[in-house]
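All remarks here apply to the structure that follows.
Every number in this text was worked out from the coordinates using simple rules, so none of it is lab data. In this text, all values refer to a predicted model and were calculated from it rather than measured experimentally. Backbone-built Cβ (ideal geometry, glycine too); neighbour counts: all protein chains shown.
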Amino acid sequence: MSNFQTWMQSVQHQMETALADVLPDAALAPARLHAAMRYAVLGGGKRVRPLLVHAAGELAGASRQRLDRIGCAVELIHAYSLVHDDLPCMDDDVLRRGKPTVHVEYDEATALLVGDALQTLAFQVLADTPLADSPGTQLGMLTLLAQASGSRGMAGGQAIDLAAVGQQLSREELEFMHIHKTGALIRASVLLGAQAGEPLPAGELERLDHYAKLVGLLFQVVDDILDTEADTATLGKTAGKDADNDKPTYVSLLGLGEAKQLAEDMLAEARETLAPMGDRSARLEALADYIVHRAF
Ligand code: GRG
């Protein structure tokens with residue numbers, strides 16, 4: 001196993017423990033809501049966003065404890081978005097991470113509350129212990145996560161996505177949607193990790209920001225490629241994917257070959273962006289590579 005794979009598994013394992021610790025005990029009232037929150041978050045997922053938090057935070061010399069907490073905050077926001085995205089009023093999906101979705105396993109009202117409670121827990125986790133060298137920096141981190149999650153970030157991107165069903169979008173419009181829907185939280189993960197450590201030179205912060213924006217879009221291009229390949233492999237639409245398939249994607253816009261080329265080009269740009277930081281950015285580079293090559 002490569003050094004990167006060993007590191008990735010150790011962070012994933014550590015995040016599972018950290019998430020299990022910050023989530024309310026399922027024995028505490030209201031027990032059904034707490035059990036459903038744990039069901040939504042634990043035992044699945046690649047933990048890409050916490051991995052980005054750790055890789056960027058290590059580059060800035062941040063402690064593992066701080067990065068675990070920040071990783072929990074972004075993963076809780078991500079888990080909330082998946083629970084709400086799966087609801088019948090949105091994508092109406094029945095399976096997530098190989099298990100019944102939260103509204104199928106529990107019920108719709110519980111799934112709505114699970115999302116709400118995970119979102120507020122994320123901000124609690126980010127606020128209730130020192131995570132940066134100054135309170136001002138930590139306040140800025142809270143603002144960053146709020147902006148990345150709200151109507152000018154992920155929730156706004158989801159609104160644009162819902163409005164785009166059955167529409168033809170230009171490449172610019174598709175990019176705008178994904179920068180918000182998927183990219184904003186991925187970008188925030190990198191920046192939050194970096195802010196938990198020593199102040200970085202402005203040039204390095206700009207490089208990290210550019211890398212984070214590229215990886216956010218890259219993630220979605222690859223997700224579109226994976227969806228297309230999964231649909232092709234099963235010779236048709238998979239259960240619960242009908243709404244998705246009416247939405248414009250990079251593959252429907254560019255074709256599979258060009259979408260793969262776009263992913264490779266963006267990966268090359270991400271590598272070039274990190275290059276001046278040398279070995280300190282090796283894990284961020286390996287993560288970008290992992291995000292792209294899990295597809296092909
Ligand atoms: C409901 C406010 C609200 C927002 C939903 C991000 C999002 C917005 C919905 C997720 C739906 C989706 C499948 C988007 C495509 C890209 C994506 C975020 C995939 C899932 O993320 P992964 O691959 O999942 O990181 P795991 O399970 O590994 O955590």
About the Cα centre, and with charges only on the beta carbon of Lys, Arg (+1) and Asp, Glu (-1), how big is the dipole of the chain? Nearest 20 debye, please.
600 debye
When the Cα atoms of the stretch 127-282 are enclosed in a convex hull and the volume is divided per residue, what value in Å³ results?
139 Å³
Intensity falloff of the chain expressed as log10 I(q)/I(0), Debye formula with alpha-carbon point scatterers, at q = 0.09 Å⁻¹:
-0.42
Which helices of the chain meet both criteria: a Cα extent of 18 Å or more along the helical axis and a mean Kyte-Doolittle score no lower than -1.0, with helices taken as whole DSSP H segments?
3-22, 64-85, 108-127, 135-149, 202-233, 256-274
Could you work out how much longer the chain between ILE160 and LEU142 gets when fully extended? Use 0.36 nm per residue separation minus the Cα distance between them, nm to one decimal.
4.1 nm
Longest to shortest principal axis, alpha-carbon extents of the stretch 1-120, angstrom:
42, 28, 22
Sparse-neighbourhood loop hits (trypsin sites (Lys or Arg not before Pro), the stretch 24-88; DSSP loop; Cβ within 10 Å at most 14 others) -> LYS46
Zero-based 5 Å bins, Cα pair distances in the stretch 165-231, whole percents
3, 16, 20, 21, 16, 10, 7, 4, 2, 0
Kindly state, to the nearest 0.05, the FRET efficiency for TYR290 paired with ALA29, given R0 = 51 Å and r defined as their beta-carbon distance.
0.80
